[in-house]
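**Q** Please read through the structure below; I'll follow up with questions.
The values are calculated or read from the model by the stated rules, or taken from the named source; none is laboratory data. Keep in mind that this is a model prediction, so the values were computed, not measured. Backbone-built Cβ (ideal geometry, glycine too); neighbour counts: all protein chains shown.
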Amino acid sequence: MNQKASHSFTEIYETHKQRVYRLCLGYMSGDIDLAKDLSQEVFIKVWEALSTFRGDARISTWVYRIAANTCLMYIRKAKTEVKSSLELESINADADTKENESDIRKLYRAIGKLSEAERIIITFVLEEMPYSEISQVVGITENNLRVRIHRIKSKLSDLIKNDRL
Amino acid sequence: MTDFKDIEAIWHNQSDQSDMADAKDIEQKAKAHLRQSARLHRTNIIIFGATLLSLVVFVITPIGLHSASSQLGIVAMISILALRMLLEIWSRIKLRRIGIDTGSHAYATQMLNFYSWRQRLSGGVSASMAVIYVAGFALLLPEFAKSMSNWAFYLIVIGFSILAFIITRLAIKATKREMSHLRSIKNAVMSLK
């Protein structure tokens, strides 16, 4: 059985939906509604493109390329402002402690201040994707990626440090 | 929370989103989206095709146009419509060729090239085409004035003017939207460099 035939849409969706959702949530500065809409748009594109999947990349790389590109184009359609802390309040409110909620709010607010590509890269890094896979998704060399990640990490830390809640 | 290890810890402390759509719902939405795109594409072709066909029928019928200027006018209008149809079809093919599953850098660059091409098309080319189309119509008017009653003549002129106004407004709106896309894509490409 070839790789293409072995992947059903349901299987792909169930395997990747949470990661794609968190990716979208990172892009959308923590806006849950936009992130849900965006992750649906990603999977609609995945469904549409599934017949063209040639199996020359890992299915996860293929899905995240579509996710990253959909996000890039979605941002151009609906440039979002960083949401107020009130709007971000509901993020996992039931599951995390108050301190965690506050830290998550800070984190999403900080990610929202990065450039589009930086948001994509740092979200993949936080999702612990291997650098080789991130470089294939984003389409830049691994060396270039390492330099960028180093910069983004310190930029993100600074943004969080300087965030006034 | 300034050390990156702390940031990672916070990230991993998030719980999964529980109320996400079912895979079957996404499939239904994708199918509906596909049907809607196909319907829109068919409608566009029918509108362009019907207009083109009616112009061609008008020119080949015995009661059609006789003067050289009228014939030149109708040929100009038909040519512009046909050219516009071809450009739209070509544009769709170009956009479809940009695979969404390519690396983001290459994808954003290709989208940037596409919208830059659309910008050229929407600017000088479309404006020139519109001018030629209106000039073609203007060339028909003397023969219309001779062969039609006054009310029919004014009806055609007013109808064409209203239609031209609406189409121009829609074209300007679409162009502005595409230019806004272009600006945002430029930002996205710059952020990927």
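**Q** How many of the residues in the stretch B:108-136 are closer than 20 Å to A:Val138 by Cβ and not aromatic (Phe, Trp, Tyr)? Full working, then the answer.
**A** Step one: list which residues in the stretch B:108-136 are closer than 20 Å to A:Val138 by Cβ, which gives B:108-114.
Then drop every residue that is not not aromatic (Phe, Trp, Tyr), which leaves B:108-113.
Of the residues in that region, 6 qualify.
**Q** Still on this structure, please answer the following. Working only within the stretch A:36-58, note down all residues that are in a loop (DSSP other than H, G, I, E, B), at negative phi and in contact (Cβ under 8 Å) with a residue 12 or more places away in the chain. Spell out the reasoning first.
**A** Initial filter on the stretch A:36-58 (in a loop (DSSP other than H, G, I, E, B)): A:53-58.
Next, only the ones that are at negative phi stay: A:53-54, A:56-58.
If the condition is that a residue be in a loop (DSSP other than H, G, I, E, B), at negative phi and in contact (Cβ under 8 Å) with a residue 12 or more places away in the chain, then A:Phe53, A:Arg54, A:Ala57, A:Arg58 are the ones that fit.
**Q** For the stretch B:106-154, what are the residues that are hydroxyl-bearing (Ser, Thr, Tyr) and in a loop (DSSP other than H, G, I, E, B)? So that I can check it myself, show each step before the final result.
**A** Just the residues of the stretch B:106-154 that are hydroxyl-bearing (Ser, Thr, Tyr), to begin with: B:107, B:109, B:115-116, B:122, B:126, B:128, B:133, B:147, B:149, B:154.
Selection gives B:Ser149 alone.
**Q** In the stretch B:155-163, is there at least one residue being surrounded by 11 or more Cβ atoms within 10 Å (Cβ to Cβ), over 30 Å from B:Gly103 (Cα atoms) and aromatic (Phe, Trp, Tyr)?
**A** For the stretch B:155-163, residues surrounded by 11 or more Cβ atoms within 10 Å (Cβ to Cβ), over 30 Å from B:Gly103 (Cα atoms) and aromatic (Phe, Trp, Tyr): present.
**Q** Which of the residues spanning the stretch B:4-38 are closer than 28 Å to A:Glu127 by Cα, of a type outside the set (Lys, Arg) and more than 7 Å from every other protein chain (Cβ to nearest Cβ)? Working first, answer last.
**A** Pass one, the stretch B:4-38, residues closer than 28 Å to A:Glu127 by Cα: B:4-27, B:29-30.
Subset that is of a type outside the set (Lys, Arg): B:4, B:6-23, B:25-27, B:30.
Within the stretch B:4-38, B:Asp6, B:Ala9, B:His12, B:Ser18, B:Asp19, B:Asp22, B:Asp25 qualify.
**Q** Tell me whether the stretch B:48-69 contains one or more residues that are over 28 Å from the mean Cα position of the chain (by Cα), in a helix (DSSP H, G or I) and either among the polar types (S, T, N, Q) or modelled with pLDDT of 90 or more (or both). Give the steps one after another, and end with the answer.
**A** First pass over the stretch B:48-69, keeping only residues over 28 Å from the mean Cα position of the chain (by Cα): B:60-69.
Subset that is in a helix (DSSP H, G or I): B:60, B:68-69.
Applying the additional criterion that residues be either among the polar types (S, T, N, Q) or modelled with pLDDT of 90 or more (or both) yields B:69.
Checked against the condition, which is being over 28 Å from the mean Cα position of the chain (by Cα), in a helix (DSSP H, G or I) and either among the polar types (S, T, N, Q) or modelled with pLDDT of 90 or more (or both), the stretch B:48-69 yields at least one hit.
**Q** Quick check on the stretch B:119-153: of everything there that is within 16 Å of the chain's Cα centre (by Cα) and farther than 18 Å from B:Trp90 by Cβ, which residue is farthest from the other protein chains (Cβ to nearest Cβ)?
**A** The extreme case among them is B:Ala130.
**Q** While we're on this one: Restricting the search to the stretch B:125-141, which residues are small (Gly, Ala, Ser) and in contact with a Ser or Thr (Cβ under 8 Å, 6 or more places away or on another chain)?
**A** Narrowing the stretch B:125-141 to residues small (Gly, Ala, Ser): B:126-128, B:130, B:135-136, B:138.
Hits for the stretch B:125-141 are B:Ser126, B:Ala130.
**Q** Next question, about the same structure. So A:Val42 clears everything in (1) at pLDDT 90 or above; (2) facing chain B (nearest Cβ under 9 Å) except one condition, right? Which one?
**A** (2)
**Q** Output the helices (runs of 4 or more DSSP H) that fall wholly within the stretch A:69-136 and possess 1 or more residues being at pLDDT 50 or above and of a type in the set (Lys, Arg), or say none. Even if it seems obvious, please write down each step before you answer.
**A** Details: elements: A:85-88, A:98-112, A:116-126.
Where helices (runs of 4 or more DSSP H) fall fully within the stretch A:69-136 and carry at least 1 residues being at pLDDT 50 or above and of a type in the set (Lys, Arg), they are A:98-112, A:116-126.
**Q** In the stretch B:1-24, how many residues are more than 19 Å from A:Asp37 (Cβ to Cβ), assigned to a helix (DSSP H, G or I) and not β-branched (Val, Ile, Thr)?
**A** Qualifying residue count for the region: 7.
**Q** Filter the stretch B:111-124 for residues that are polar (S, T, N, Q) and touching a Ser or Thr at 6+ places or on another chain (Cβ under 9 Å); which is surrounded by the fewest Cβ atoms within 10 Å (Cβ to Cβ)? Lay out the reasoning, then the answer.
**A** Step one: of the stretch B:111-124, the residues polar (S, T, N, Q) are B:113, B:116, B:119, B:122.
Imposing the further condition that a residue be touching a Ser or Thr at 6+ places or on another chain (Cβ under 9 Å) reduces the set to B:119, B:122.
Numbers: B:Gln119: 15, B:Ser122: 19.
Restricting to residues being polar (S, T, N, Q) and touching a Ser or Thr at 6+ places or on another chain (Cβ under 9 Å), the top hit is B:Gln119.
**Q** Which residue pairs have Cβ atoms under 8 Å apart, sit 6 or more places apart or on different chains, and have a first residue in the stretch B:89-118 that is facing another protein chain (nearest Cβ under 7 Å) and a second that is exposed (fewer than 15 other Cβ atoms within 10 Å of the Cβ) and in a helix (DSSP H, G or I)?
**A** If the second residue must be exposed (fewer than 15 other Cβ atoms within 10 Å of the Cβ) and in a helix (DSSP H, G or I), the pairs left are B:Asp101/A:Thr52.
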